[in-house]
Amino acid sequence: MKLLKYIRQDRVHIGALRGQAVVDLSDMMVGAADMLHLIANWDSLKGEAQRRAASASTTSLSEVKLLAPIARPGKIFAIGLNYADHIAESGLPAPKHQVWFTKAVTCINGPYDPIELPQASSSLDYEVELVAVIGRRAKHVPADRARDVIFGYCVGNDVSIRDWQLNTSQWALGKSFDTHAPIGPWIVTTDELGDPQRLELTCSVNGEVRQHSNTRHMVFNVFDQIAHLSRAMTLEPGDLIFTGTPGGVGATMKPPTFLKIGDRVRTEIEGIGFMENAVAPERVPEVN
């Protein structure tokens, strides 16, 4: 099933995708339409959601605005240097251990909303990534059981400000600017997607393919990542795991080619869908 969050007639809804139409599931939520509630209670809500998705009335996808499926995850973790070609282009040694950093939850962005070019830097870069969405509380999960704690997957773009990222050994600031974590366009549940290690993924800028690989080329696969993280912390429903990016980022082009205002970045993963984000100037709110 493909589950999404959207606006229609100025109201936020949770829904399921059926073809090119949306089935509203909002009245299954307690209080406001909330994807985190749906994920945390999926065992009891799944049957009704499937029934409605198959038979309830629909709204054309063209009549709604898609939002980030999860607006405020509890945690966002991302693994670095997890594809051999990206390691090679970075000029860094292959890691002996998984390399993790966090992204601030405030950088979540919609699948078709603008990516901001900040005033602080012009070294704006893209990274297409498969994102795993945690479905249940988990600690010390063996790799061979990690599939059981994943709710589903979506497309992610680990947008990066390279000079801020590389000025220190800690990457979190350069990875956490506002709007720099587009996710979507929806969450595909694990039972529909199948094997997450056999998916083509692509990133193009203004129609030019910059990244193209397959998730089978990960150094540490999705399940090894879940096992490793869960040794350190309790994973919770709605947590997001960015699983790494392949080679082809702008920083390693010759010369380096960073995103500029007006560029359109399309990120796509087989079996899930695509996002497209235009680059726009940073919107600085007025201080009262």
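The values are calculated or read from the model by the stated rules, or taken from the named source; none is laboratory data. Nothing here was measured: the structure is a model prediction, and the numbers come from that model. Virtual Cβ from ideal backbone geometry, glycine too; neighbours counted across all protein chains shown. In case anyone asks, the SASA skips ligands and DNA or RNA and just uses the protein heavy atoms, side chains included. Shrake-Rupley method; radii C 1.70, N 1.55, O 1.52, S 1.80 Å.
Assorted remarks:
- So Val155, is it at pLDDT 95 or above, assigned to a loop (DSSP other than H, G, I, E, B), β-branched (Val, Ile, Thr) and in contact with a strand residue (DSSP E or B) (Cβ under 8 Å, 6 or more places away or on another chain): no
- Matching residues in the stretch 178-199 - criterion: being under 15 Å from the mean Cα position of the chain (by Cα) and either open to solvent by 70 Å² or more (accessible area, probe 1.4 Å) or within 30 Å of Val284 (Cα to Cα) (or both): Asp178, Thr179, His180, Ala181, Pro182, Ile183, Gly184, Pro185, Trp186
- Per the listing Gln225, Gln211, the residue uniquely touching a residue at least 12 places away in the same chain (Cβ under 8 Å) and either among the acidic types (Asp, Glu) or under 29 Å from Asp148 (Cβ atoms) (or both) is Gln225.
- In the stretch 145-175, the residue that is nearest to the chain's Cα centre (by Cα) out of those that are closer than 12 Å to Leu124 by Cα and open to solvent by 20 Å² or more (accessible area, probe 1.4 Å) is Arg162.
Listed here are the residues, each with its yes/no results for (1) touching a residue at least 24 places away in the same chain (Cβ under 8 Å); (2) assigned to a loop (DSSP other than H, G, I, E, B); (3) within 19 Å of Asn277 (Cα to Cα); (4) not charged (D, E, K, R).
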position	(1), (2), (3), (4)
Gln119	yes, yes, yes, yes
Ser122	yes, yes, yes, yes
Glu129	yes, no, yes, no
Trp164	yes, no, no, yes
